[in-house]
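My questions all concern the structure below.
The values are calculated or read from the model by the stated rules, or taken from the named source; none is laboratory data. The structure presented is a predicted model; accordingly, all values stated were derived computationally and were not measured. Backbone-built Cβ (ideal geometry, glycine too); neighbour counts: all protein chains shown. Just so you know, the surface numbers come from the protein's heavy atoms only, side chains and all, with ligands and any DNA or RNA stripped out. Shrake-Rupley method; radii C 1.70, N 1.55, O 1.52, S 1.80 Å.
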Amino acid sequence: MSLNSFGHLYRVTTWGESHGPALGATVDGCPPGVPVDEAFLQQWLDKRRPGQNKNMTQRNEPDAVQILSGVFNGLTTGTPVQLMIENTDQRSRDYGDIEQTFRPGHADITYHLKYGLRDYRGGGRSSARETAARVAAGGLARAALNALAPGIEIKGYMTRMGEIEIDRSRFDWNAIDGNDFWIPDADAAPAWEAYLQKMRKDHNSVGAEIEVVARNVPAGLGAPVYGKLDTDLAAAMMSINAVKGVEVGEGMAAARLMGTENADEIFMGPNGPEYSSNHSGGILGGISTGQDVVVRFAVKPTSSILTPRKSIRMDGSPTEVVTKGRHDPCVGIRAVPVGEAMMACVILDHLLLHRGQVGDGPRGVIG
């Protein structure tokens, strides 16, 4: 049984481990004739790359992606695209002390219980390093979206880190790429950095919340019941390492609203239906409305920390675990480009499904 793949028509299989020689993705179903090269993919990997600043892990990986197949003369051929990223800065010795122990909050214990063995070097397959392959596949999905639906824009940003959150009245799209935290408020970045550095000095870590928005998504993507766009988006985001919660649109907050507040009123505009608000997150009945598609997910604090935590050894005896090595004090920072990649993969997948079932554009006409 292989459960390392996701997607329907745009099908991505990731492979490799944190401390192996390489990791990557095999992408099947990318349409032919899509202009793409390694430089285009690399820009997205550079957003996720470790060691860029003091607010993330100091593992120094270039994350240079190589296209091994499926692209000729700068265009996809319609055959499987093989993407590879070599690991160059592994320090497996840092994990020798946990070979016989389980890290609290980590997948060490569940991998052992399921398979009877585990790769303790950085978590092996359960490591967040696996997400580099997703970002490469997401870059390819963006290239395909540029060719098939060039108006679509995907952007992610952090909205919360531990006890601090963004002030939405100061939301600035142009500020997102200008700070280490991908937050839409340039003036808030110093306070976020001070907060995170205190966590690092205290040998601790902190969780985060990330929001990903896809603009200019055409109406009609997704299908009823089991093929819902939001179903696949939720599954995609939930599959990211350390994610413990996913919301679409208003999400959990919808439970506190009345129907008069939650209903996005509809008006006829010059180019079709328009809405008074977007509590639905751009999806109704599992099908896109043409509004912004908004997904939010929460990541837990990094489980590998220098503060001793009680646990057990392989033989069941009690112990305390201190995890050495180079780890993100807040994994949410580098989860932003991962969330963007998953959004791109799912939107492309549903665009291809939609075209395959009903052709280009929504079938229904209003007005």
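So which pairs qualify, if the first residue must be in the range 98-109 and over 12 Å from PRO308 (Cα atoms) and open to solvent by 40 Å² or more (accessible area, probe 1.4 Å), the second must be of a type in the set (Gly, Ala, Ser) and assigned to a loop (DSSP other than H, G, I, E, B), the Cβ gap must be under 7 Å, and the two must be at least 6 apart or on different chains?
GLY105/SER303
Looking only at the range 24-44, count how many residues are open to solvent by 20 Å² or more (accessible area, probe 1.4 Å) and over 19 Å from LEU148 (Cα atoms).
6
Hey, another quick one. On the given criteria, is SER5 free of Cβ contacts under 8 Å to residues at least 40 places away in the same chain, touching a Lys or Arg at 6+ places or on another chain (Cβ under 9 Å), open to solvent by less than 50 Å² (accessible area, probe 1.4 Å) and of a type outside the set (A, V, I, L, M, F, W, C)?
Here the answer is yes, as SER5 does meet what is asked.
Anything in the range 236-272 that is within 11 Å of PHE297 (Cα to Cα) and not in a loop (DSSP other than H, G, I, E, B)? List them, or say none.
Hits for the range 236-272 are ALA236, MET237, MET238, VAL243, LYS244, GLY245, VAL246, GLU247, VAL248, GLY251.
Being farther than 30 Å from GLY124 by Cα and among the hydroxyl-bearing types (Ser, Thr, Tyr) narrows it down to one residue among THR231, THR260; which is it?
Sole residue among the options that is farther than 30 Å from GLY124 by Cα and among the hydroxyl-bearing types (Ser, Thr, Tyr): THR260.
Say we look at the range 278-326 and pick out the residues that are among the charged types (D, E, K, R) and in a strand (DSSP E or B); which of these is surrounded by the most Cβ atoms within 10 Å (Cβ to Cβ)?
ARG296
Starting from residues that are among the charged types (D, E, K, R) and either modelled with pLDDT of 95 or more or surrounded by 16 or more Cβ atoms within 10 Å (Cβ to Cβ) (or both), keep the ones in the range 181-228 and report whichever is farthest from ASN146 (Cα to Cα).
Among those that are among the charged types (D, E, K, R) and either modelled with pLDDT of 95 or more or surrounded by 16 or more Cβ atoms within 10 Å (Cβ to Cβ) (or both), it is ARG200.
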